[in-house]
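So the structure is just underneath, and the comments pick up after that.
Only the coordinates and a few stated rules stand behind these numbers; no lab work does. Everything numeric here is computed off the predicted structure, so don't read it as measured data. Heads up, the Cβs are rebuilt from the backbone with ideal geometry, glycines too, and the neighbour counts pull from every protein chain shown.
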Amino acid sequence: MENISVFRGERLVLDQVGLSLDAGDALLLTGPNGAGKSTLLRVLAGLRKPEGGHVLWSGVDALADRSRHAERVAYLGHQDALKPGLTLRENLTLAARAGGGDPDSCMSALNISGLADLPARMLSAGQKRRAALARVLLARAPLWLLDEPSLGLDSNTMGLLETLFRTHREAGGIVIATTHVPLPLPDAKSLALPGLNESDIPQAMEDFPEDDLF
Ligand SMILES: Nc1ncnc2c1ncn2[C@@H]1O[C@H](COP(=O)(O)OP(=O)(O)OP(=O)(O)O)[C@@H](O)[C@H]1O
């Protein structure tokens, strides 16, 4: 990423952020609440256009062809994005139509095979997070963009996450994760976003332009 700048409303949230990663690298994005970590991940995923700067993949503008870029990316947001009325297996089978991976092996990697036939609405928060991580695996994408991946995970699942990260990086994959807690990503680079002065944070709905509210 080169000189990425993003406004949210009237405010410059990211100011010329730049960084370069190689195959097998990991990056931890840190910083206080509201610093712009999720915003940067969304830019890298091609979900939000930056006001300035470029995202390059092998030296080429990655966002020029966003559907091609989408194939490189597995994105885990704050929301687990499961269809509540479908079973876990149905959710993953649906996702596999895009990435083509094997739902059963991905469920097994996250230790949720026993939940396969439960509707997603009956899963606990941590189980949903594991299902969303299974979907990351399913995508078979080289670039993992993970927004607080450890949210709600128990210590056993953190152990699984460590294995998944290691396997992905050993195969040349890249992991970029936002986090407020330590993650099992040895030798990760780190980018600390500075955050804002409280006085810069809009206090009222009127301070947000209408088209940036949703
Ligand atoms: N829809 C929106 N419209 C305008 N501003 C927004 C919108 N969503 C978020 N923001 C602002 O953008 C800034 C960056 O938000 P972002 O979610 O990227 O922060 P973050 O570093 O991921 O925070 P956290 O640690 O709380 O998850 C925040 O200050 C927030 O007020």
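With unit charges on the beta carbons (Lys and Arg positive, Asp and Glu negative) and the dipole taken about the Cα centre of the chain, which residue among 95, 7, 55 sits farthest to the positive side? My answer, from the dipole projection, is 95.
Compute the angle between helix 125-139 and the longest alpha-carbon principal axis of the chain, please, reported from 0 to 90 degrees and rounded to the nearest 10. Computed tilt is about 90 degrees. Would you mind checking the tilt of helix 155-170 against the longest principal axis of the Cα atoms of the chain, expressed as 0 to 90 degrees and rounded to 10? On a 0 to 90 degree scale, this one is about 70. A Förster radius of 45 Å, combined with the Cβ-Cβ distance separating residue 170 from residue 11, puts the computed FRET efficiency at roughly 0.65. When you restrict to C-alpha pairs under 8 Å that are six or more residues apart and normalise by the size of region 87-152, the relative contact order lands at 42 percent. Ignoring lysines fewer than eight residues from residue 83 along the same chain, the ones with Cα atoms less than 28 angstrom from its Cα are 37, 49, 128. Each part reduced to its alpha carbon centroid, region 78-117 and region 149-165 end up 17 Å apart. Among 46, 114, 152, the largest mean-square fluctuation in a Gaussian network model of the chain, built with springs joining Cα atoms closer than 10 Å, belongs to 114. Taking every DSSP beta bridge with both residues inside the chain, roughly what % is antiparallel (nearest 5)? Looking only at bridges with both residues in the chain, the antiparallel portion is about 35 percent. Could you tell me the relative contact order of region 41-149? Use alpha-carbon pairs under 8 Å, at least six residues apart, and round to a whole percent. About 36 percent, as a whole number. Extension gain, residue 124-residue 79: 0.36 nm per intervening residue step, less the Cα-Cα distance, totals 14.9 nm. With the charge dipole of the chain set up from +1 on Lys and Arg Cβ and -1 on Asp and Glu Cβ about the Cα centre, the Cα lying farthest toward the positive end among the listed residues 122, 39, 174 is that of 122. In terms of surrounding Cβ atoms within a 10 Å radius of their Cβ, 190, 67, 38 rank from fewest to most as 67, 190, 38.
Under a Gaussian network description of the chain, with springs only between Cα atoms under 10 Å, the residue in 147, 65, 15 that fluctuates furthest is 65. Given +1 at the Cβ of Lys and Arg, -1 at the Cβ of Asp and Glu and no other charges, the dipole of the chain around its Cα centre is 760 debye to the nearest 20. The relative contact order of the chain, computed from alpha carbon pairs under 8 Å that lie at least 6 residues apart in sequence, is 31 percent.
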